[in-house]
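Have a look at the structure below, then the notes.
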Amino acid sequence: MAAHAPARAEISRLAELVRGAGSVVALTGAGISVPSGIPDFRSPGSGLWETVDPMRVAHIDAFRSDPARFWRFYGERFATLGAKQPNGAHRALVAMEATGMLEAVITQNIDMLHRKAGAHDPIEVHGSIASCRCPCCAGSVPLEQVRLRLQGEPDGVPRCKKCLGPLKPEVVLFGELLPEGALRRARELCEGADLLLCIGSSLEVHPVAGLALLTHAAGGTVAIITRGPTPLDELAGVRLRGDVVDELQALAGALGLG
Ligand code: ZN
């Protein structure tokens, strides 16, 4: 909207930083998926999460104690998220990556939109809906098959074909630890980044806030591209407050990728 149209001077400065950086890393949060029709559950009026407490229904204890109840909620989430498509902000990052200007994408999002846009091996620190795993025998089942099993089971719980255990989304639920391998890669990338593009994240949720601090502490520049305020605004070298799609497309344009 007009209130925060991309600020040309700031975009040019950010483009210069991208060109001059040895390593540029993107760190994305829920805000990059909002233009694709996926509400940020921490924003008011965001539908699905208005009627339920995510800390309760999307908690590992809820999955363990009552998988049918868990899947009544999560099955709907799978169906909704699976149909969403990436937007211009995801595509701008892919264009930067394709020309070697962007080293990697780290995301908090579980919606697979970076993958769908063509990002190379995005680091999903909260996992993704791409598959489910059997907690008993550790067998992995891809999303399409999970969908079929969801429809086929009378209690709505997709199960492992081998041991009949209820499948768990390979998403980090509340009460679960983050995947160590993904987190280690994310830390290494952020420590080594000359420029970290924090996109659509309120930088309030760990580990993302900590990752931006790693870049800053190591002498890198942190650019924050999101509408709302963040606790790290003070240390941002560049601060863009417009729509994420507008801002990233403007950046791609300034980099000659438009
Ligand atoms: Zn199993």
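If the reach is capped at under 20 angstrom between alpha carbons, list the aspartates and glutamates near K168, excluding any in the same chain fewer than eight residues apart.
Once the sequence-local aspartates and glutamates are set aside, what remains near K168 is D53, D61, D66, E76, D111, E124, E144, E153, D155, E176, E180.
Per 0.36 nm of contour for each residue apart, how much would the distance between E191 and A218 grow if the chain were fully extended, relative to their Cα-Cα spacing? Could the numbers behind the result be given before it?
On the way: separation 27, 0.36 × 27 = 9.72 nm, distance 0.60 nm.
Extending this stretch completely gives an extra 9.1 nm.
May I ask you to derive the FRET efficiency for R8 and L257 from their Cβ-Cβ distance with R0 = 25 Å, giving the value to the nearest 0.05?
The computed FRET efficiency comes out at 0.90.
In what order, largest first, do M96, M55 sit by accessible area if the probe radius is 1.4 Å?
Ranked list, largest accessible area first: M55, M96.
What do you get for Rg/Rh over the chain if you use C-alpha atoms and the Kirkwood form of Rh? Each step should come with its number before you reach the end.
Details: Rg = 18.9 Å, Rh = 19.1 Å.
Reported Rg/Rh, Kirkwood definition of Rh: 0.99.
Could you tell me the convex hull volume per residue, in Å³, taken over the Cα atoms of the stretch 181-258?
In the stretch 181-258, the Cα hull volume divided by residue count equals 97 Å³.
Which order do you get for H126, H216 if you rank them by accessible area with a 1.4 Å probe, largest at the top? List each step's numbers first, then the result.
Details: H126 35, H216 80 Å².
Order by accessible area, largest first: H216, H126.
How much of the accessible area of the chain, probe 1.4 Å, is carbon plus sulfur, in whole percent?
With neighbouring chains kept in place, the figure for the chain is 54 percent.
With both partners inside the stretch 94-242, how many of the DSSP beta bridges are antiparallel, as a percent to the nearest 5?
Within the stretch 94-242, antiparallel bridges account for around 40 percent of the total.
Given the stretch 137-245, report the % of alpha carbon pairs whose separation exceeds 17 Å.
Tail fraction, whole percent: 64.
Quick check on packing: order 200-206, 217-223, 61-67, 79-85 by the mean number of other C-beta atoms within 10 Å, highest mean leading.
200-206, 217-223, 61-67, 79-85
Are there trypsin sites (Lys or Arg not before Pro) in the stretch 147-233 that DSSP marks as loop and that have at most 15 other Cβ atoms within 10 Å, and which are they?
Filter output for the stretch 147-233: K161, K162.
Full extension from C136 to L164: what is 0.36 nm times the residue separation minus their Cα-Cα distance, to one decimal in nm?
Gain on extension, C136 to L164, equals 9.2 nm.
Of the peptides 150-158, 13-21, 164-172, how do they stack up when ordered by the mean number of other Cβ atoms within 10 Å, highest first?
Numbers: 150-158: 15.1, 13-21: 16.7, 164-172: 19.8.
Per-residue Cβ counts within 10 Å, averaged per peptide and sorted highest first, yield 164-172, 13-21, 150-158.
If the label point is 7 Å along Cα→Cβ of I60, which residues in the stretch 161-177 have backbone nitrogen under 20 Å from it?
Taking a point 7 Å out along Cα→Cβ of I60, the residues of the stretch 161-177 whose backbone N falls under 20 Å are 165-177.
Using the heavy atoms of the protein chains alone and a 1.4 angstrom probe, what is the accessible area of the chain per residue in square angstrom?
For the chain, the solvent-accessible area averages 46 Å² per residue.
Amide H of L27: which non-local residues (sequence gap of 5 or more, or other chain) have their own amide H closer than 5 Å, using H built in the peptide plane?
I106, L197, C198, I199
Evaluate the Kirkwood expression for the hydrodynamic radius of the stretch 21-149, namely the inverse of the mean inverse distance over all pairs of different C-alpha atoms, and round to one decimal in Å.
One decimal place: 16.1 Å for the Kirkwood radius.
Once ligands and nucleic acids are excluded and a 1.4 Å probe is used, how much of R133 is accessible, expressed in Å² to the nearest 10?
100 Å²
The values are calculated or read from the model by the stated rules, or taken from the named source; none is laboratory data. Please read all numbers here as calculations on a predicted model, not as lab measurements. Neighbour counts are summed over all protein chains in view; Cβ atoms, including those assigned to glycine, are modelled from backbone coordinates with ideal geometry. Areas reflect the complete protein model, heavy atoms only, side chains present, ligands, DNA and RNA absent. Shrake-Rupley method; radii C 1.70, N 1.55, O 1.52, S 1.80 Å.
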